[in-house]
Amino acid sequence: MNKQAIEKAARYLQEQFPAPPRIGLILGSGLGVLADEIEQAVKIPYEQIPEFPVSTVEGHAGRLVYGQLEGATVVAMQGRFHYYEGYRLDQITFPVRVMKALGVKELIVTNAAGGVNERFQPGDLMIIADHINNMGVNPLIGPNDPELGVRFPDMTEAYSRRLRALAKHVAKQLDIPVQEGVYVANSGPSYETPAEIRMIRAIGGDAVGMSTVPEVIVARHAQMEVLGISCISNMAAGILDQPLTHDEVIETTERVKANFLRLVKGIIAEMAKQ
Ligand code: HPA
């Protein structure tokens, strides 16, 4: 991704933000409400930001929300870009590059995902321990700019051990049950077949979705610390004797929203102390 474009977007945002944000948030389907809790908010629709792609999918507001949350200066993406919408991965991950340029050190990524692990239930929250990129593409393909990161970035600890421990500690204190597991990203937009879900389970996946992995790869390339949280919105295909619908995904995220908000706010409050 071209550095001039990143710098142009960052400069535009710096003019509107009173101080650099420390924590970045990417809010998945149905989880964008967290951004409504940001105080002294500066809200900027994506279409106003130079070089930013524009969001199309329903349920995604498509704006950056900057401000104060639980004692931390944050910048949140209310609505993200998906590969299945037809964006290139450099467009999908552009906001992560801009967050880095703004000074973001820690990135919290959230999504709605299908439960592959049969011990999970719809409504569970899962701390992402690791991921499997099954999208068939990588956002770092192409010439590497060494000023943005190394050619072959390490992914041994894509999801920060420190932030995972912090998240589990906060969940316990708030008495919110959390699972931990491996997130597998497919391109979508079709949901998986039951055979694909059996394969995903066999290769070690606990949850499956259509996002997050490109942003996390770029965040790690940029040496940001990452925490990922999935809301298990449905059991993946073939586990229950019923078809999958986007409505179910939305209904479940709606139902667990309160706990999701409490957990993420608790995590940010704890991060702000450190
Ligand atoms: N599969 C893929 N993506 C998803 C699912 C699913 O079952 N649920 C929510 N996002």
Next item on the list: Rank by packing, highest mean first: peptides 139-145, 204-210, with packing defined as the count of other Cβ atoms within 10 Å averaged across residues.
Entry: 204-210, 139-145
Item checked: Centre separation in Å (Cα based) which lies between the range 96-113 and the range 220-238 -> 13
Next item on the list: Among TYR66, PRO20, VAL54, flag the residue with its Cα farthest along the positive direction of the charge dipole of the range 1-85, charges on Cβ as +1 for Lys/Arg and -1 for Asp/Glu.
Entry: PRO20
Margin query: Under the rule of at least 5 residues apart or a separate chain, name every residue whose amide H is placed under 5 Å from the amide H of ALA129.
Written below: GLY181, VAL182, TYR183
Note to self: Taking the beta-carbon count within 10 Å as an exposure proxy, list VAL33, VAL137 from fewest neighbours to most.
What the structure shows: VAL137, VAL33
Check: Across the chain, how many lysine pairs, 8 or more apart or on two chains, come within less than 28 Å at their alpha-carbon atoms?
Finding: 29
Next item on the list: Could you work out the local net charge near GLY103, counting Lys and Arg as +1, Asp and Glu as -1, over the other residues with Cβ closer than 14 Å to its Cβ?
Entry: +2
Next item on the list: May I ask you to order 148-157, 78-87 by the average number of other C-beta atoms within 10 Å around their residues, highest value first?
Entry: 78-87, 148-157
Note to self: Along the charge dipole of the chain, pointing to its positive end and built from +1/-1 on Cβ of Lys, Arg, Asp and Glu, which listed residue (GLY123, ILE200, SER230) has its Cα farthest out?
What the structure shows: SER230
Item checked: For ASP130, ASP241, order by how many other beta-carbon atoms lie within 10 Å, fewest first -> ASP241, ASP130
Check: Using helices alone, what [θ] at 222 nm do you get for the chain, with -39,500 (n - 2.57) per DSSP H run of 4 or more residues, divided over all residues and rounded to the nearest 500?
Finding: -10000 deg cm²/dmol
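Where a number appears in this text, it was derived from the coordinates with a stated rule and is not lab data. What you see is a predicted model, and the numbers here were worked out from it, not measured in a lab. Cβ coordinates were reconstructed from backbone atoms using ideal geometry, including for glycine residues, and neighbour counts include every protein chain displayed.
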